[in-house]
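Peer 1: The structure's right below; bear with me while I get my questions together.
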Amino acid sequence: MLEILKTFKFPYTLYNFFKKHQLEHNIPLFNKYGLKKSYYSSVSSADFRSIESPKNIYDAQDSRSAMPSNPAFEALDNQLKNELLPWSEKGYAILKGFFSAEEIDAVNQEIQSLVDTKQVKFKYRTKIMFAIDKSKLLFDFGTNKKLLSVLDLLLGKKVELFQSINFFVGSQQRSHSDSIHMTTFPYGNMIAVWVALEDITAESGPLHYYPGSHTMPYIMNHDYDNVGTETRLGKKTYSDYEDHLERIIKAKGLKKEVFVAKKGDVFIWHANLIHGGEKVIDPKSTRKSMVFHFYTTDAFCFHEITQRPSLKHRITFADYS
């Protein structure tokens, strides 16, 4: 019965109705784009299909030539500059040793404490969601000033932390783009950060990605016949989306790369970069890592598959804007 209810839009709309304080920021955005909706309304990419989506700075310009003239870029050390320059071409940046061993050890200790005291629990078998809501240390880790300055630079605008995910083991998640889960209008106004909380091995299911895949068209519900009706969500499953994307990867001949990270390394990726988790070869291995997703402060944010607006303003620990 519950699974059937999830196929209707009404339960999500009812849930949204009681979350006004986390959704009312969308009202001026609905007005901006000429959408006749309430804060609790269902929303999807279909609502924006007739509206032009302007590109962010390094989607419109090549970062290698345009980024050096940015004062924020000039303030960075040479290692970071070299790591960020290929952003437009690759759709990702690897920041080697960005966090110190001491910072990572503190995060691991905090996560274990939250698990031991049952303040957080695993969801979808392998994920701990929104641990930043339970710990100021983890929230401060995700809003590290140096990290935020890098993200603001890459998108050319301010970002704010939306969510965190912690893993103890490899996700083994099939290839996907985060834009099907955390969608924005204009497109491309989400950015993600993955932090290695230990040395990762090839046997522990490391992160994989497809360089340059971020330049491909965004895959939305209408691209795999999952639009639905006025009252119901689309009938396709998430596996249908993954299958559709896999066919595109093969047709385009995209080349996969794997990131075998060291403790403290950071992987930043574009909203539309195709990525996932490799198969875990050694079932006894761990792959401790932490992921952060950020939205820009000026974008309309929603979840394409369930066609609901994001509860964007969750954080109460600090004002880091």
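FYI, it's all coordinate maths here, none of it is from the lab. This one's a predicted model, so the numbers in the text were calculated from it and none came from an experiment. Every residue, glycine as well, gets a Cβ built from its backbone with ideal geometry; the counts of neighbours run over all protein chains shown.
Peer 1: Assigning unit charges at the beta carbon (Lys, Arg +1; Asp, Glu -1) and nothing else, what dipole magnitude in debye, to the nearest 20, does the chain show about its Cα centre?
Peer 2: Charge dipole, the chain, about its Cα centre: 840 debye, nearest 20.
Peer 1: Across 10 Å bins from 0, what is the distribution of all Cα-Cα pair distances for the range 15-112, in whole percents?
Peer 2: Taking all Cα pairs of the range 15-112, the binned fractions are 12, 24, 18, 32, 14, 0 percent.
Peer 1: Let me ask another. For the residues K37, K9, what sequence is obtained by ranking on other C-beta atoms within 10 Å, fewest first?
Peer 2: The fewest-first ordering by Cβ neighbours comes to K37, K9.
Peer 1: Pop a pseudo-label 7 angstrom from the Cα along the beta-carbon direction at both D62 and E230 and give the gap in nm to one decimal.
Peer 2: 5.1
Peer 1: Would you please state which residues of the range 217-235 a label at K36 would reach in this model, taking the label point 7 Å out along Cα→Cβ and a backbone N cut-off of under 19 Å?
Peer 2: Zone members listed by number: 230-231.
Peer 1: Would you calculate the separation in nanometres between label points at K55 and D298, each defined as 7 Å from the Cα along the Cα-to-beta-carbon direction?
Peer 2: Result for the modelled spin labels: 1.7 nm.
Peer 1: Can you tell which of M129, M216, M67 shows the greatest fluctuation in a Gaussian network model of the chain with Cα springs below 10 Å?
Peer 2: Highest fluctuation among the options: M216.
Peer 1: Quick one: what are the phi-derived ³J(HN,Hα) couplings along the range 28-40, Karplus 6.51/-1.76/1.60 with θ = phi - 60°, whole Hz, x for glycine and proline?
Peer 2: Those phi angles translate into x, 6, 4, 5, 4, 9, x, 9, 8, 9, 9, 4, 9 Hz.
Peer 1: Sum -39500 (n - 2.57) across every DSSP H segment of at least 4 residues in the chain, then divide by the residue count to get the 222 nm mean residue ellipticity, nearest 500.
Peer 2: -7500 deg cm²/dmol
Peer 1: If one computes P(r) from the Cα atoms of the range 171-316, what percent of pairs lie at distances over 20 Å?
Peer 2: 53
Peer 1: Along the charge dipole of the range 1-84, pointing to its positive end and built from +1/-1 on Cβ of Lys, Arg, Asp and Glu, which listed residue (S45, N82, T7) has its Cα farthest out?
Peer 2: T7
Peer 1: Note the full-extension length gain between Q109 and T13 as 0.36 nm times their separation in residues minus their Cα-Cα distance, in nm to one decimal.
Peer 2: 30.7 nm
Peer 1: Could you tell me how far the Cα centroid of the range 1-60 sits from the Cα centroid of the range 250-297, in Å?
Peer 2: 28
Peer 1: I need to check one value: relative contact order of the range 41-309, counting alpha carbon pairs closer than 8 Å and at least 6 residues apart, in percent.
Peer 2: Reported as a whole number, the value is 33 percent.
Peer 1: If you find the alpha carbon centre of the range 128-198 and of the range 202-219, how far apart are they in angstrom?
Peer 2: What the calculation gives is 16 Å, centre to centre.
Peer 1: When all alpha-carbon pairs of the chain are counted, what percent fall beyond 33 Å?
Peer 2: For the chain, the fraction of Cα-Cα distances above 33 Å is 24 percent.
Peer 1: Given the options H270, Y295, N221, identify the residue whose Cα lies farthest towards the positive end of the charge dipole of the chain (+1 on Cβ of Lys, Arg; -1 on Cβ of Asp, Glu).
Peer 2: N221
Peer 1: Now, a different point. Can you spot the aspartates and glutamates whose alpha carbon is less than 14 Å from K96's alpha carbon? Ignore those fewer than 8 places along the same chain.
Peer 2: The qualifying aspartates and glutamates are D77, E83, E198, D199, D265.
Peer 1: Going through the range 117-149, which chymotrypsin sites (Phe, Trp or Tyr not before Pro) have at most 10 other Cβ atoms within 10 Å and a DSSP loop state?
Peer 2: Qualifying residues, ordered by number: Y124.
Peer 1: Please work out the FRET efficiency for the pair H181 and N82, using the Cβ-Cβ distance as r and a Förster radius of 35 Å; give the result to the nearest 0.05.
Peer 2: 0.70
Peer 1: Once you've got the Cα coordinates, tell me which of K55/K123; K9/K255; K90/K263; K121/K235; K55/K81 are over 32 Å apart.
Peer 2: Flagged as over cut-off: K55/K123; K9/K255.
Peer 1: Here's a follow-up. Could you give the alpha-carbon Rg of the range 152-245 over 2.2 N^0.38 Å, rounded to two decimals?
Peer 2: Its radius of gyration relative to the 2.2 N^0.38 Å reference: 1.28.
Peer 1: Over the range 1-120, what is the relative contact order in whole percent, taking alpha-carbon pairs under 8 Å and six or more residues apart?
Peer 2: Averaging sequence separation for qualifying contacts and normalising by length gives 15 percent for the range 1-120.
Peer 1: Could you give the nm distance between label points at S100 and A75, where each point is 7 Å from its Cα heading toward the beta carbon?
Peer 2: For the pair S100/A75, the computed spacing is 2.1 nm.
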